[in-house]
Amino acid sequence: MLSYQHAYHAGNLADVHKHALLATALARLTEKPKPLSYIETHAGRGLYDLSGPEAQKTGEAAHGIARAETADWLPHPLRAALTAVRDRFGAACYPGSPLIAAHFLRPGDSAHLAELHPAEHAALAQVAGHARLHLQDGFAVANALIPPTPRRGMLLIDPSYEIKADYDRIPGWIARMARKWNVGVIALWYPVLTDARQQPMAESLAAAHPGALRSEVRFAPARPGHGMVGSGMFVINPPYGLEDEAARLAALFAAT
Ligand SMILES: C[S@@+](CC[C@H](N)C(=O)[O-])C[C@H]1O[C@@H](n2cnc3c(N)ncnc32)[C@H](O)[C@@H]1O
């Protein structure tokens with residue numbers, strides 16, 4: 001169990017898509033001076049070393065963030081977060097979602113990060129700043145916190161989908177969270193797979209939340225035969241401007 005390690009995949013094209021939308025949403029949400037809550041169910045270690053053996057072994061970051069930066073794909077909010085993290089931790093670093101969020105969150109905001117893997121959780125504790133960390137199942141943590149105080153805010157659900165039943169249970173779980181927190185921005189990342197295993201989940205979500213944003217981009221597999229050929233983000237209550245950013249990213253990915 002818990003064999004997935006994001007260090008092998010950090011900064012890949014799926015991260016570029018997910019983190020571009022996350023940074024854009026948080027930049028928009030923090031424009032207003034009102035405090036907000038940020039919750040993550042699957043936080044990861046927060047900071048990745050792209051010169052380390054894991055990233056070097058797969059080369060996914062070289063085809064992801066390195067290529068996206070060269071081609072000037074990144075929206076301003078993600079570029080700003082990336083610059084701040086590199087200034088602090090070194091040029092070979094790549095921020096995970098918790099450090100991207102930390103770039104935007106202000107002293108009066110609240111952040112809760114769940115990470116179940118003990119080593120990932122310990123690494124996250126080194127860099128997470130003022131966020132509250134939970135070494136527990138992220139779905140249970142979010143369920144207990146929602147609706148949060150402050151009531152404005154965002155939930156990011158970024159599972160590794162090691163448990164195949166996640167695809168079946170996520171739509172019902174999200175429907176319950178959206179009922180409890182009708183003003184929350186609820187964002188789910190999912191892979192686009194060659195066998196289309198994600199499709200029933202994505203269609204069920206779209207049918208249940210007609211006003212939500214469904215952003216999907218396609219890309220070449222990281223290795224021949226690799227099953228992931230795209231990245232999806234489903235966002236309930238998308239902040240103003242997120243649809244435009246999703247359309248911009250879709251056009252860029254489609255042109256490659
Ligand atoms: C895709 S990675 C997270 C990446 C991160 N959100 C980012 O964008 O930088 C998924 C993480 O979820 C953790 N995990 C797996 N099952 C979990 C669970 N039930 N609750 C909390 N964390 C879990 C894994 O250990 C892994 O670090």
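Between the listed residues T41, Y8, A66, the Cα displaced farthest toward the positive end of the dipole of the range 1-69, a dipole computed from Cβ unit charges relative to the Cα centre, is found at T41.
Could you give the size of the charge dipole of the chain about its Cα centre, using +1 on the Cβ of each K and R and -1 on the Cβ of each D and E, expressed in debye and rounded to the nearest 20?
Numbers: 24 positive and 23 negative charges, 119 e Å.
For this selection, approximately 580 debye.
Taking 28 Å as the straight-line reach from the Cα of K34, the lysines in range (excluding those fewer than 8 positions away in the same chain) are K18, K180.
Rounded to whole Å, give me the distance from the Cα center of the range 200-256 to that of the range 7-76. Cα centroid of the range 200-256 versus Cα centroid of the range 7-76: 15 Å apart.
Note on the range 89-229: with charges restricted to the Cβ of Lys and Arg (+1) and Asp and Glu (-1), its dipole about the Cα centre is near 420 debye.
Surface composition of the range 52-175: carbon and sulfur atoms hold 55% of the protein heavy-atom accessible area at a 1.4 Å probe. Using a/c under 1.5 as the rounded threshold, could you call the range 97-165 rounded, prolate or oblate? The axes a ≥ b ≥ c are square roots of the C-alpha gyration tensor eigenvalues, and prolate needs a/b larger than b/c, oblate otherwise. Note, shape of the range 97-165 comes out oblate. A 1.4 Å probe run over the protein chains yields, for the range 6-254, 43 Å² of accessible area per residue, whole-number rounding. With viscosity set to 1.002 mPa s at 20 °C, what whole-number translational diffusion coefficient in µm²/s follows for the chain from Stokes-Einstein and a Kirkwood radius over Cα pairs? Translational diffusion coefficient: 118 µm²/s. Between the amide H of R152 and those of S37, distances stay under 5 Å, these residues lying 5 or more places away or on another chain, with hydrogens modeled in the peptide plane.
The values are calculated or read from the model by the stated rules, or taken from the named source; none is laboratory data. All figures in this text were calculated on a predicted structure; none of them were measured in a lab. Reconstructed Cβ throughout: ideal geometry from the backbone, glycine too, with neighbour counts over all protein chains shown. Heads up: the accessible areas ignore ligands, DNA and RNA and are worked out on the full protein's heavy atoms, side chains in. Shrake-Rupley method; radii C 1.70, N 1.55, O 1.52, S 1.80 Å.
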